[in-house]
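Input: a single structure, listed below in C-alpha cells.
The values are calculated or read from the model by the stated rules, or taken from the named source; none is laboratory data. All values derive from a computational prediction rather than experimental measurement. Backbone-built Cβ (ideal geometry, glycine too); neighbour counts: all protein chains shown.
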Amino acid sequence: MRLGKDWIEAHIPHHGAMCLLDGVLEYDARRIVCRASSHADPGNPLRVGGRLPAACGVEYGAQAMAVHGALLAADGAPLGPGILASVRALTLHADRLDDVPGPLRVTAERRSGEQDHILYDFSISGEAGELLHGRATVVLDARKRA
C-alpha cells in the first residue's frame, strides 16, 4: 500500500473505527483504488443487528472519494467539508458485506467536476467479484452553500 490508515485519518474527517479504509493501493488524477478490512470487524460502527448491510458500501466509496480529493489537493491540506449529495444507479450484488472473505477493493473514478461539485462512479469488490456499484455527487465546501 502506498498510503496507510494514518495518512487517511489525517486527511479526511473520519477517525478511529469510522475510518473504514486501510490504505490506498493506487491512484491517478481520475481514479483511486483503496483496500478495506473493516467490513469484517464486529465493532464496525455501521453494523446493524450484528450485520453490515451491502448498502453501507456507499460510505466506503464516499471515503475513497474523500481520500482521492485529499491526494489531488494542490496544497496537501486536509479537506474542507463536503457532502455526499446524491447516490444514483446503486446496484447491490450482495445482501451484506460482513461475510465477504478477505479485504474489500474500493474503487472511485471521477467522471466530471466543477469548483463546487464532483461526480464519481464507485464500486466495491471482494475475492469473488463485484459486490456493489453506483454513482455519487459530492458537493465541495458545503459551508459556502449554507
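Quick one: how many residues across segment 16-40 are under 13 Å from the mean Cα position of the chain (by Cα), aliphatic (A, V, I, L, M) and not in a strand (DSSP E or B)?
Total meeting the criteria: 3.
Working only within segment 24-43, note down all residues that are without any contact (Cβ under 8 Å) to a residue 60 or more places away in the chain and either buried (at least 17 other Cβ atoms within 10 Å of the Cβ) or at positive phi (or both).
24, 27, 38
Would you point out the residue of segment 51-74, among those that are assigned to a loop (DSSP other than H, G, I, E, B) and over 17 Å from residue 13 (Cα atoms), that is modelled with the highest pLDDT?
52
Under 6 Å between Cβ atoms, at least 6 apart or on separate chains: pull out the pairs that start in segment 50-70 with a residue that is farther than 16 Å from residue 18 by Cα and end on any residue that is among the aliphatic types (A, V, I, L, M) and surrounded by fewer than 21 Cβ atoms within 10 Å (Cβ to Cβ).
Close Cβ pairs satisfying both conditions: 54/92; 54/94; 69/79; 70/79.
For segment 96-146, what are the residues that are out of contact with any Lys or Arg (no Cβ under 9 Å at 6 or more places or on another chain), surrounded by 13 or more Cβ atoms within 10 Å (Cβ to Cβ), in a loop (DSSP other than H, G, I, E, B) and modelled with pLDDT under 95?
141
Just to be sure before I move on: is residue 89 in a strand (DSSP E or B), buried (at least 18 other Cβ atoms within 10 Å of the Cβ) and of a type in the set (A, V, I, L, M) in the structure I sent?
Against the criterion (in a strand (DSSP E or B), buried (at least 18 other Cβ atoms within 10 Å of the Cβ) and of a type in the set (A, V, I, L, M)), residue 89 does not qualify.
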